[in-house]
Amino acid sequence: MVDVAVLGGGPAGRAMAAACVREGLATALVDPAPERRWRQTYALWRDELPALPAGAIAAAPATVLAGGRALDREYLVLDNAGLRRWLADDRVEVRSGTAVDIAHGPHGSLIRLADDSRIAAHVVVDARGTPPGHGAAQTAFGLVLPAGQAAPLVPAGTAVFMDWRDAPAVDPSFLYAVPLAADRVLVEETSLARKPALPRSILAARLRQRLAAAGIATDGLPEEHVHIRLDTPLPRPGRTVPFGARAGLVHPATGFSVAASLGLAPRVATALSTELTHGPGRAASAARHVLWPPRAVAVHTLRRQALRSLSSIPGCEQPYFFDLFFAMAPRHQRAFTSGREDLTGLLGAMTALFCATPWRLRPALFR
């Protein structure tokens, strides 16, 4: 029997497994294909994770633009292979398999895999991504361009966070573009939040049209597809400890979750290690408290309200609304996009944004 079995081999699961073995817990990581590459592009703000090693960073753009405005905040694009190496720990027992059932007992849990084998663990951590369901989602269709080819849209050394030019008045989308390395740039047509999600086919057509207008050929380029559910309900109490997107750590307005997962993994592992001597139920409860203390729940609830308010703003007004947001002081932007437990900062940011919003848009915010 292991102390902790982590289901899911993505960044959240790997971070959790590594943190657990550092706490001296015998840890197994279970994934259907544990050696497969992570294909998504991950990014974060440097102030969210100051200790991130250089080897886990693919690009650190010198300039970050949002609506033509340069932001006073450093944005990092992660190197998936480097991030994986940073999170690797040979003490983690890696198992290939798909969990199909978890049975909990008074002294531990039994995981049944698809091949009918079993794994016994004192505590099970579920980091298998967003649980099934339908809701508001962020979607994007992206293409990876040679850096020289992308220059008409993205100047060298620049990340374009939101370019709303040519955005349709109905179901608007924007261009997101970041360097992946010195010679490659990811450009994505992104729908920030919509229920139901804006289909990939629409975003693909818009991106190809945008690139064609800039004289950029798109045939044969690598694609990236994004679908992030933004309104996943917070997990209910139980013996299985959810983590990462499974635990509702996806930011309701931005879709980001990697920084939160990497930052919380050591704290959750410490809680498990400290309380496991008192039984698996006590350990699971302690982990949930680290994940969702009352202030974090309050912050998340307000951000969910902000997501609903955004959906009430007419599409033609959304670019203007985001111009107002990025014109705010960096501390307000940081409080809204990052701090999980900074309730005071979030309330200050929302108040400042409301005061800057013209009267014609305020009814939507009230709704």
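The values are calculated or read from the model by the stated rules, or taken from the named source; none is laboratory data. The model shown is predicted, which means the values in this text are computed figures rather than measured ones. Heads up, the Cβs are rebuilt from the backbone with ideal geometry, glycines too, and the neighbour counts pull from every protein chain shown. Accessible surface areas use protein heavy atoms only, side chains included; no ligands, DNA or RNA. Shrake-Rupley method; radii C 1.70, N 1.55, O 1.52, S 1.80 Å.
Shown is the FRET efficiency for A26 and D47, computed with R0 = 30 Å from the Cβ-Cβ distance and rounded to the nearest 0.05: 0.30. In terms of overall dimensions, the C-alpha atoms belonging to segment 1-148 reach 57, 36, 27 Å along their principal axes, ordered largest to smallest. First check a/c for segment 212-367, with a ≥ b ≥ c the square roots of the eigenvalues of its C-alpha gyration tensor; if it is under 1.5, answer rounded, and if not, answer prolate when a/b is larger than b/c or oblate otherwise. Note, shape of segment 212-367 comes out oblate. With the alpha-carbon atoms of segment 141-232 aligned to their principal axes, the span from lowest to highest coordinate is 36, 27, 23 Å, starting with the largest.
Based on C-alpha pairs under 8 angstrom that are at least 6 apart in sequence, segment 5-93 has a relative contact order of 35 percent. When semi-axes √(5λ) of the Cα gyration tensor in Å is calculated for this entry, the matching label among (1) 33, 27, 20; (2) 36, 24, 18; (3) 37, 21, 20 is (2). Checking the a/c ratio against 1.5 first, then a/b against b/c, what shape does the Cα gyration tensor give for segment 203-272? Taking the square roots of the gyration eigenvalues as a ≥ b ≥ c, segment 203-272 is prolate.
Residues whose amide H lies under 5 Å from that of L29, counting only those 5 or more places away or on a different chain, are V6, E93, V94, R95; hydrogens are built 1.01 Å from N in the peptide plane. Between helix 200-213 and the chain there is an angle of about 40 degrees, using the helix long axis and the longest principal axis of the Cα atoms.
In the context of the full set of protein chains, the chain has a per residue accessible area of 44 Å² (1.4 Å probe). Let a ≥ b ≥ c be the square roots of the eigenvalues of the Cα gyration tensor of segment 32-88; is it rounded (a/c under 1.5), or, if not, prolate (a/b larger than b/c) or oblate? Prolate.
Given R0 = 30 Å, the distance between the Cβ atoms of R112 and S311 translates into a calculated FRET efficiency of 0.15. The A212 and A88 beta-carbon pair, evaluated with R₀ = 30 Å, returns a calculated FRET efficiency of approximately 0.10. Sorted largest first, the spans of the alpha carbon positions of segment 74-229 along the three principal axes are 62, 36, 31 Å.
Counting every C-alpha pair in segment 1-43, the share spaced more than 11 angstrom apart comes to 64%.
Quote the relative contact order of the chain in percent (integer), defining contacts as alpha-carbon pairs under 8 Å separated by 6+ residues.
18 percent
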